[in-house]
Amino acid sequence: MTAQSDTQGTVTAVYKVSGMSCGHCEGSVSSEISEIAGVTSVKAVASSGEVTVVSEAPLDEAAVRAAVDEAGFELVGRA
């Protein structure tokens, strides 16, 4: 899936993250990704391994990967 423009000035991207198994995992991933400049919303779902990120502009996947790594998980790629 490629980044989608939802409303003017926002981009939504969905990523697959491996290793999340609980609410604490979701919180860790969300917290780290939220620190990336331009991110306005993050929703991680452990059961599906999907993380939905809304940002002001398309994000550099390397920055998302680094944030997920910092949280202790692995970015598989775009969902």
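Using only Cα atoms and rounding to the nearest 10 degrees, what angle (0 to 90) does helix 61-71 make with the longest principal axis of the chain?
30
In deg cm²/dmol and to the nearest 500, what is the mean residue ellipticity at 222 nm of the chain if only DSSP H runs of at least 4 residues count, each as -39500 (n - 2.57), divided by the residue total? Don't skip to the answer; put the middle values down first.
On the way: 2 runs with 23 residues, N = 79.
It comes out at -9000 deg cm²/dmol, rounded to the nearest 500.
Within a Cβ distance under 14 Å of Phe73, other residues only, what is the Lys/Arg minus Asp/Glu net charge? Before the final figure, lay out the partial values.
Values: positive: Lys16, Arg65; negative: Glu26, Glu32, Glu50, Asp69, Glu70, Glu74.
Result for the local shell: -4.
Cβ under 13 Å from Ser48's Cβ, Ser48 left aside: what net charge do those residues give with Lys, Arg +1 and Asp, Glu -1? Walk me through the numbers on the way to the answer.
Details: positive: Lys16, Lys43; negative: Glu26, Glu50.
Counting the neighbours of Ser48, the net charge comes to 0.
Please find, in a Gaussian network model of the chain (springs between Cα atoms separated by less than 10 Å), the residue of Ala62, Ala44, Ala13 whose mean-square fluctuation is greatest.
Sorting by GNM fluctuation, first place goes to Ala62.
Quick check: pseudo-label points 7 Å beyond the Cα along Cα→Cβ at Glu61 and Ser18, how many nm apart are they?
Inter-label distance under the simple model: 1.6 nm.
For the chain, what's the relative contact order in percent, using C-alpha pairs closer than 8 Å and at least 6 residues apart?
Numbers: 149 pairs, mean separation 31.2, N = 79.
This gives 39 percent for the chain.
What are the GluC sites (Glu not before Pro) within the stretch 8-79 that DSSP puts in a loop, where the Cβ has at most 15 other Cβ atoms within 10 Å?
Values: sites: Glu26, Glu32, Glu35, Glu50, Glu56, Glu61, Glu70, Glu74; in loops: Glu35, Glu56.
Qualifying residues, ordered by number: Glu35, Glu56.
No value in this document is a laboratory result; all are computed from the given coordinates. The model shown is predicted, which means the values in this text are computed figures rather than measured ones. Virtual Cβ from ideal backbone geometry, glycine too; neighbours counted across all protein chains shown.
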